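Input: a single structure, listed below in structure tokens.
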Amino acid sequence: SYHAQGGIGLIASRLTVEGPIKKDTGSFIISGRRTYLDAVARPFAKPGSPLRDGSGYYFYDLNAKANYRLSQKDRLFASGYFGRDIMSFEDKKAQFGMGISWGNTTGVLRWNHQFNSKLFMNTSAIFSDYKFTLDVKQAGFELKMGSGVQDWNGKVDFSYFPSIRHEVKFGANHIFHTFSPISVSAKSGDTDFDFGKAKKNRAHESAVYISDDFDLTNKIRIHAGLRYSYFMQVGPFDRYVTDSINTGQVIDTISYGANKKVKDYGGLEPRLNIRYEINKKSSVKASYTYNLQYIHLASLSAITLPIDTWVPSSQLVNPQKGSQYSIGYFRNLFDNKYETSVE
């Protein structure tokens, strides 16, 4: 049956609606919320306060999910998310105004298939679009800046259970990234300033993996995995060659056509986790992981703000590499009422 529930509060309101698409076959749920603390507080602000002029902050988001059983062994899932944070500042005396908004839009379509009682498959198509904008106005001058990352992602994951305490996972995925590190536009009165077309960076990121989680003995459990990842920056892209010795001026331009390789990276990413059970109350665990990171956050200040930008690995920016080792002792006390650990 259909149901709805919600709430109205001092700083936010929310509403959720759910129900069947087809009885015993499919259903949906939609949920949204919005804050309005700035609107509630504005009447209580002192005269001359920026809050009275329209300054404030709020956010809103919307979640939607649906599932449908195609057959006894096939299910289809769809989900989406849309959210924004909006912050503004106004000073009418100084004729100054600023607005910042940031948020993400995502959508996922997933097909779950059961081959038999031991083998399952999930195939997913994923879209995400992150954006931020900065709008500044000062006495007739207006400046707009923006940045974002858009991803199209396809992946397939398999889960295989040879026995009750043995699980094997394997799969592959591919992502097409479109980065918009920064775009700028400005005008003063009726005069528009041309900063050129916003530059975009494009890249492909792929990976295949396999992992095994099993009991080696009654006391030793092992989780081992191996992943190979590959990253390739592609055109259209212009590489500006500068005279770095003397003036730093551009002396040449290397142009790459659409989908032409600019630079690529790749490597293996192993991981291993071992747990030794000393007795029913205590155990020792050790692990090792190695990761490659191809996307980087470029902070514009010492404080992390939504105006920070994401950039890909390139000819000038290498992937980040990280190794992590850990070992720890874990013990439960007083009939498992307390858990303690040292790592």
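Out of everything in segment 17-42 that is at pLDDT below 95 and among the β-branched types (Val, Ile, Thr), what residue ends up being nearest to Tyr58 (Cα to Cα)? Once the filter is applied, the top-ranked residue is Thr35. In segment 121-147, what residues are farther than 24 Å from Gly80 by Cβ and in a strand (DSSP E or B)? Those that are farther than 24 Å from Gly80 by Cβ and in a strand (DSSP E or B): Leu134, Asp135, Val136, Lys137, Gln138, Phe141, Glu142, Leu143, Lys144, Met145. Considering only segment 223-237, state which residues are within 15 Å of Ser206 (Cβ to Cβ) and open to solvent by less than 10 Å² (accessible area, probe 1.4 Å). Listed by number, the residues that qualify are Ser229, Phe231, Gln233, Val234. The criterion of being surrounded by fewer than 15 Cβ atoms within 10 Å (Cβ to Cβ) and among the hydrophobic types (A, V, I, L, M, F, W, C) does not hold for Leu51. Comparison of Lys46, Lys131, Lys73 shows that the only residue that is loosely packed, with under 15 Cβ neighbours inside 10 Å and within 30 Å of Val156 (Cα to Cα) is Lys73. Within segment 308-328, the set of residues being open to solvent by less than 90 Å² (accessible area, probe 1.4 Å), farther than 18 Å from Asn291 by Cα and more than 21 Å from the chain's Cα centre (by Cα) comprises Gln315, Gly328. A count restricted to segment 107-125 and to residues that are out of contact with any Phe, Trp or Tyr (no Cβ under 7 Å at 6 or more places or on another chain) and of a type in the set (Val, Ile, Thr) stands at 1. The strands (runs of 3 or more DSSP E) found wholly in segment 250-343 and carrying at least 3 residues that are among the acidic types (Asp, Glu) occupy 261-277. Within segment 149-172, does at least one residue satisfy the condition of being surrounded by 14 or more Cβ atoms within 10 Å (Cβ to Cβ), in contact (Cβ under 8 Å) with a residue 60 or more places away in the chain and among the hydroxyl-bearing types (Ser, Thr, Tyr)? Taking every residue of segment 149-172 in turn, none turns out to be surrounded by 14 or more Cβ atoms within 10 Å (Cβ to Cβ), in contact (Cβ under 8 Å) with a residue 60 or more places away in the chain and among the hydroxyl-bearing types (Ser, Thr, Tyr). In segment 91-100, the count of residues that are free of Cβ contacts under 8 Å to residues at least 24 places away in the same chain, part of a strand (DSSP E or B) and surrounded by fewer than 16 Cβ atoms within 10 Å (Cβ to Cβ) is zero.
For the residues Lys280, Lys200, the requirement of being over 27 Å from Asp157 (Cβ atoms), under 30 Å from the mean Cα position of the chain (by Cα) and open to solvent by 60 Å² or more (accessible area, probe 1.4 Å) singles out Lys200. Collect the residues in segment 173-197 that are open to solvent by less than 60 Å² (accessible area, probe 1.4 Å) and either without any contact (Cβ under 8 Å) to a residue 40 or more places away in the chain or closer than 30 Å to Asn259 by Cβ (or both), keeping them in residue-number order. Selection gives Asn173, Ile175, Phe176, His177, Thr178, Phe179, Ser180, Pro181, Ser183, Val184, Ser185, Gly196. Step by step: first the residues of segment 1-28, then only those that are within 20 Å of Tyr68 (Cα to Cα) and of a type in the set (S, T, N, Q), then the one that is most open to solvent (accessible area, probe 1.4 Å). Which residue is that? Residue satisfying both the conditions and the ranking: Ser1. Inclusion of Tyr36 among residues that are free of Cβ contacts under 8 Å to residues at least 40 places away in the same chain, closer than 28 Å to Gln95 by Cβ, surrounded by 15 or more Cβ atoms within 10 Å (Cβ to Cβ) and within 24 Å of the chain's Cα centre (by Cα) is not warranted.
When segment 39-61 is filtered for residues that are closer than 19 Å to Gly103 by Cα and of a type in the set (D, E, K, R), only Asp61 remains.
The values are calculated or read from the model by the stated rules, or taken from the named source; none is laboratory data. Because the structure is a prediction, the values reported are computed rather than measured. Positions of Cβ are generated from backbone atoms using ideal geometry, with glycine treated the same way; all protein chains shown enter the neighbour counts. Protein only, heavy atoms only, side chains kept; ligands, DNA and RNA dropped before computing areas. Shrake-Rupley method; radii C 1.70, N 1.55, O 1.52, S 1.80 Å.
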